[in-house]
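The values are calculated or read from the model by the stated rules, or taken from the named source; none is laboratory data. Bear in mind the structure is a predicted one, so any value in this text is a computation, not a measurement. Cβ sites come from the backbone with ideal geometry, for glycine too, and all protein chains shown count toward neighbours. These area figures cover heavy atoms from the full protein model, side chains too; ligands, DNA and RNA do not enter into them. Shrake-Rupley method; radii C 1.70, N 1.55, O 1.52, S 1.80 Å.
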Amino acid sequence: MTADQETRPHAAARPVRWAADTVATMREGARLRLDYSASSLWRVDRMIDDLRREDTPCAAVESVLRGFGAYAGEVIVRQTGAEWWEADGHHWIRTAEGRLWDPIDEARRCFAGDGSLRLLCRDATAGTPDPRGAEEPSGGP
């Protein structure tokens, strides 16, 4: 465990693990290098799009989508100093200005053909208004 991980809030433990597992799996299985950069989210969006085009059942890729979403969340955390928040098993990113973002749900929207992790990251790191992140989810922190 790194010093950075030791000082992170407890809510970060699971998504950080999911993101790290995704990085390792993509490197080993798909020969895809994910480096926690915003530009790497182009490749993640493309991978999700490929899964959708192959008519993969959503239930079969739920953990993959969770990992991709957690990876995108970690990109945002690392670029902005945001924090992971957790309530009732659901994880969000809270940026410094107090906005909540749901990258895991955004990965699911990507798979449905109505989302983009790259654009979510762009919006969250630029601080631009986005209706998906403007309100605190019900039952949230």
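Things worth noting here:
- Residue tally, condition assigned to a helix (DSSP H, G or I) and open to solvent by 40 Å² or more (accessible area, probe 1.4 Å), over region 24-53: 11
- Any hit, region 101-115, residues being over 17 Å from G67 (Cα atoms), hydrophobic (A, V, I, L, M, F, W, C), touching a helix residue (DSSP H, G or I) at 6+ places or on another chain (Cβ under 8 Å) and not in a loop (DSSP other than H, G, I, E, B): no
- Filtered by the rule that a residue be at positive phi and either open to solvent by 60 Å² or more (accessible area, probe 1.4 Å) or touching a Phe, Trp or Tyr at 6+ places or on another chain (Cβ under 6 Å) (or both), region 84-102 gives a lone residue, D88.
- The residues of region 67-83 that are touching a residue at least 24 places away in the same chain (Cβ under 8 Å) and surrounded by fewer than 22 Cβ atoms within 10 Å (Cβ to Cβ), listed by number, are R78, Q79, T80, E83.
- Applying the condition of being free of Cβ contacts under 8 Å to residues at least 60 places away in the same chain and open to solvent by 20 Å² or more (accessible area, probe 1.4 Å) to region 103-127 and asking which residue is farthest from R78 (Cα to Cα) yields D114.
- Of all residues in region 105-114, those satisfying the criterion of being out of contact with any Leu (no Cβ under 7 Å at 6 or more places or on another chain), under 18 Å from D55 (Cβ atoms) and of a type outside the set (A, V, I, L, M) are R109, G113, D114.
- The single condition among (1) within 22 Å of A112 (Cα to Cα); (2) of a type outside the set (S, T, N, Q); (3) in contact with a Leu (Cβ under 8 Å, 6 or more places away or on another chain) that R94 does not satisfy is (1).
- Matching option when the condition is under 20 Å from I104 (Cα atoms), small (G, A, S) and modelled with pLDDT under 90, among A3, A11: A11
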